[in-house]
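J.: This is the structure I have questions about; it appears just below.
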Amino acid sequence: MSEGDYGRYPRPKKKMNAKPMEEVIRELKKPAFPHSDYRERSLKIHGLICAKCGREFDHKTRNLLTVHHKDGNHLNNPPDGSNWENLCVYCHEDEHSRELLGKYLTEQDKEG
């Protein structure tokens, strides 16, 4: 048995990419979705402030500010930003925790 074989079936040979390395790197750096720049757009539209607690952020702390999709659909990114609100990481966590708690309590009411 040769080095490239295993079992009874030969290993498929890897195909080399015909694209130049620079083009491959350029493609990898592109956003995954055309709407993946919504965070920057939301920060420009709504400013560096949490919509829930009112905490203001600057360019050094802007990483603590997140974009919450009001309808829960991350693909719903209208150009006017009407489905977004900027929330600090603490308020964003609280928002989703309340959602989970609400669902849990609703299920408990149905059972009880």
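J.: Can you tell me which residue within region 94-112, out of those that are out of contact with any strand residue (DSSP E or B) (no Cβ under 9 Å at 6 or more places or on another chain) and under 26 Å from GLU56 (Cα atoms), is modelled with the highest pLDDT?
T.: SER97
J.: Further question: Within region 28-38, can one find any residue that is surrounded by fewer than 10 Cβ atoms within 10 Å (Cβ to Cβ), part of a strand (DSSP E or B) and at pLDDT below 90? Give the derivation first.
T.: Let us first name the residues in region 28-38 that are surrounded by fewer than 10 Cβ atoms within 10 Å (Cβ to Cβ), namely 28-32, 34.
If we keep only those that are part of a strand (DSSP E or B) as well, we get none.
No: zero hits.
J.: Assuming HIS69 fulfils every condition listed in (1) in contact (Cβ under 8 Å) with a residue 24 or more places away in the chain; (2) within 18 Å of ASP37 (Cβ to Cβ) apart from one, which condition is it?
T.: (1)
The values are calculated or read from the model by the stated rules, or taken from the named source; none is laboratory data. The shown structure was predicted, so the numbers you read here are calculated from the model rather than taken from an experiment. Here Cβ is always computed from backbone atoms with ideal geometry, including for glycine, and neighbour counts include all displayed protein chains.
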